[in-house]
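Structure first, then comments.
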Amino acid sequence: MTVRVRIAPSPTGNLHIGTARTAVFNWLFARHHGGKFILRIEDTDLERSRPEYTENIMTGLRWLGLNWDEGPFYQSQRLELYQKAVQQLLDQGLAYRCYTTSEELEALREAQKARGEAPRYDNRHRHLTPAQEAEFQAQGRTFVIRFKIDDDREIVWNDLVRDKMVWRGSDLGGDMVIARASESGSGQPLYNFVVVIDDIDMQISHVIRGEDHIANTAKQILLYEAFGAKIPEFAHTPLILNAEGRKLSKRDGVTSISDFKQMGFTSAGLVNYMTLLGWSPPDSTQEIFTLETAAKEFTFDRVNKAGAKFDWAKLDWLNSQYLHNTPVDKLTDLLIPYWEAAGYSFNGGRERAWLEQLVNLISASLTRLTDAVEMSQMFFTETVELSAEGSQQLQQNGAKTVLAAIITALDNQPQLTEAIAQDIIKQVVKAENVKKGLVMRSLRVALTGDVHGPDLIQSWLLLNQIGLDKPRLNQAVAA
Ligand code: GLU
């Protein structure tokens, strides 16, 4: 069998982490089996769908490396296919026009509630005569199309994640609406219907989606049967939960892939983390892998039934692993947009080679790309502000004398190198008869404003290359 799977996002918001994780599992499964991964944009909800969300979804999938083999297919461009399918069910007597008004439905629900019953449509227009239909139409009623659901039916499927699933027809809320009245008169087909038409048309072999769709699956299986189509395999993946065990939502801060990108996560780190949200590799100690390596091992028997807790610490750890292992030139490419976004300018000698030296200096301390903004701020501003500890350091006995000695030594050097920098420090320690610590700490404060920071000599060299070391030393002596 050729494996054909799809991700079918609705463009009513940015690419959500849940949808992206479902896309990861689809992609892994497709690649594992040498199959096809298809992108379908479910934009039948014209009011809530927006082109900028479609754009965000596609950009996000590409950024994560989840390239699709077919599509994007847009449901909004396939209405004719759906309308034909609705007509087919009407012709076969498997669907019918229902003229029940919203007031009548409301009254029905109220009565059911009063009797302590679950709300459901009572199938009252299943057997209308042509005369009754004409009468309703004459009253100016609009209609919806309902698909007949047999209460006695038992619907069973073997879910690849959740094992045997059994649903009763009577639990599905009565005959289901598959198309609503529309202004054009030809009807607006609804999600549960079009998804089946598309999955049949696109020969989808495995429907892999979030477990919030389980209740739809029972209805959809009945539609497959009505069309005499092969029923795909289903895999309902666990939800992503927040720390309190509730579905991760907007209230948890970030939820869309573009937010994660903005927060400084790398696509490789994020995609690696999403792979582990609900799946574990056969060697459970293995935590770092690319999509390609995970695809080799991905099977549904290693996908959990239980919800997957979102763990920021783990995501940060994975991200830092990627950052520490990214070659400097690549990491520089990744960091430049974050520096630019922070308003840093690359003028004044901050050229590519200098930037790469800077990246080299800070990379081991990065957890997120955004960390580089604060960490390297002192290299992008003309002056630095002294921290409280920094100004205390400059008040220490001998601190300013030491700095003045460094300035003099520096004046005699045409070019600062690592060896010369070390040598200057040594000379000053000797000449001023002070502890090396005093020299190092005072120098650090003068150059960077603070008592902590990245490697001092390397920082000095970088500042020297853009001509900022002497002015800062002078300023510190004058402070
Ligand atoms: N459009 C649906 C959603 O965004 C996906 C439906 C499906 O995968 O069957 O949740």
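Within the stretch 446-469, work out how many residues are over 38 Å from the mean Cα position of the chain (by Cα) and open to solvent by 30 Å² or more (accessible area, probe 1.4 Å). Let's see the steps before the verdict.
Within the stretch 446-469, the first condition is being over 38 Å from the mean Cα position of the chain (by Cα), and the residues that meet it are 446-447, 457, 460-461, 464-469.
Next, only the ones that are open to solvent by 30 Å² or more (accessible area, probe 1.4 Å) stay: 464-465, 467.
Qualifying residue count for the region: 3.
Any residue in the stretch 66-81 that is within 13 Å of the ligand (Cβ to nearest atom), crowded, with 20+ Cβ neighbours inside 10 Å, part of a strand (DSSP E or B) and of a type outside the set (Ser, Thr, Tyr)?
No, that holds for no residue.
Of the conditions (1) in contact (Cβ under 8 Å) with a residue 12 or more places away in the chain; (2) away from the ligand (no atom under 11 Å from the Cβ), PHE234 fails just one. Which one is it?
Here PHE234 clears every test but (2).
If I filter the stretch 166-216 down to residues being assigned to a strand (DSSP E or B) and free of Cβ contacts under 8 Å to residues at least 60 places away in the same chain, which single residue comes out as farthest from LEU241 (Cα to Cα)? Break it down stepwise before answering.
Step one: list which residues in the stretch 166-216 are assigned to a strand (DSSP E or B), which gives 166-168, 176-180, 188-189, 206-210.
Next, only the ones that are free of Cβ contacts under 8 Å to residues at least 60 places away in the same chain stay: 166-168, 176, 180.
Numbers: VAL166: 25, TRP167: 26, ARG168: 29, MET176: 31, ARG180: 34 Å.
Within the stretch 166-216, the match that is farthest from LEU241 (Cα to Cα) is ARG180.
If you go through the stretch 156-179 one residue at a time, do you hit one that is polar (S, T, N, Q), open to solvent by 20 Å² or more (accessible area, probe 1.4 Å) and away from the ligand (no atom under 16 Å from the Cβ)?
Of the residues in the stretch 156-179, the ones polar (S, T, N, Q) are 158, 170.
Narrowing further to those that are open to solvent by 20 Å² or more (accessible area, probe 1.4 Å): 158, 170.
Now restrict to residues that are away from the ligand (no atom under 16 Å from the Cβ): 158, 170.
Checked the stretch 156-179: at least one residue is polar (S, T, N, Q), open to solvent by 20 Å² or more (accessible area, probe 1.4 Å) and away from the ligand (no atom under 16 Å from the Cβ).
Can you tell me which residues in the stretch 237-255 are out of contact with any Ser or Thr (no Cβ under 7 Å at 6 or more places or on another chain), under 15 Å from VAL24 (Cβ atoms) and not in a loop (DSSP other than H, G, I, E, B)?
From the stretch 237-255, those out of contact with any Ser or Thr (no Cβ under 7 Å at 6 or more places or on another chain) are 238-247, 250-254; that's our starting set.
Narrowing the set further to residues that are under 15 Å from VAL24 (Cβ atoms) leaves 238-240.
Within the stretch 237-255, ILE240 is the sole residue that qualifies.
Give just the number: which of (1) part of a helix (DSSP H, G or I); (2) at pLDDT below 95 does ALA405 not satisfy?
Unmet condition: (2).
Filtering the stretch 10-34 down to residues that are open to solvent by 10 Å² or more (accessible area, probe 1.4 Å) and assigned to a loop (DSSP other than H, G, I, E, B), which residue is farthest from the ligand (Cβ to nearest atom)? Talk me through it step by step, then tell me what you get.
The first filter runs over the stretch 10-34 and keeps only residues open to solvent by 10 Å² or more (accessible area, probe 1.4 Å), leaving 10, 12-14, 16, 18-19, 22, 27, 29, 31-34.
Now drop any that are not assigned to a loop (DSSP other than H, G, I, E, B), which leaves 10, 12-14, 33-34.
Values: SER10: 4, THR12: 8, GLY13: 9, ASN14: 12, HIS33: 19, GLY34: 22 Å.
Looking at the filtered set, the residue picked out is GLY34.
Please state which one of ASN67, ASN123 is more than 30 Å from ILE41 (Cα to Cα), among the polar types (S, T, N, Q) and in contact (Cβ under 8 Å) with a residue 12 or more places away in the chain. If you could, list the steps in order and put the result at the bottom.
Working: ASN67 fails: more than 30 Å from ILE41 (Cα to Cα).
Being more than 30 Å from ILE41 (Cα to Cα), among the polar types (S, T, N, Q) and in contact (Cβ under 8 Å) with a residue 12 or more places away in the chain holds for just one of ASN67, ASN123, which is ASN123.
Within the stretch 129-151, is there a residue that is in a strand (DSSP E or B) and either open to solvent by 60 Å² or more (accessible area, probe 1.4 Å) or in contact (Cβ under 8 Å) with a residue 60 or more places away in the chain (or both)? So that I can check it myself, show each step before the final result.
Step one: of the stretch 129-151, the residues in a strand (DSSP E or B) are 144-147.
When the remaining residues are screened for being either open to solvent by 60 Å² or more (accessible area, probe 1.4 Å) or in contact (Cβ under 8 Å) with a residue 60 or more places away in the chain (or both), the result is 147.
Yes.
Filter the stretch 367-402 down to the residues that are outside any helix (DSSP H, G or I) and surrounded by 15 or more Cβ atoms within 10 Å (Cβ to Cβ) and list them by number.
The first filter runs over the stretch 367-402 and keeps only residues outside any helix (DSSP H, G or I), leaving 367-370, 376, 381-387, 396-398.
Selection gives THR367, ARG368, LEU369, THR370, SER376, VAL384, LEU386, SER387, GLY398.
Using the structure shown, decide if TYR96 is buried (at least 17 other Cβ atoms within 10 Å of the Cβ) and more than 26 Å from GLY307 (Cβ to Cβ).
On the way: buried (at least 17 other Cβ atoms within 10 Å of the Cβ): yes; more than 26 Å from GLY307 (Cβ to Cβ): yes.
Yes: the conditions hold for TYR96.
The values are calculated or read from the model by the stated rules, or taken from the named source; none is laboratory data. Keep in mind that this is a model prediction, so the values were computed, not measured. Here the Cβ is made from the backbone with ideal geometry for all residues, glycine too, and neighbour counts use every protein chain on show. What goes into the accessible areas is simple: the full protein's heavy atoms, side chains included, and nothing from ligands, DNA or RNA. Shrake-Rupley method; radii C 1.70, N 1.55, O 1.52, S 1.80 Å.
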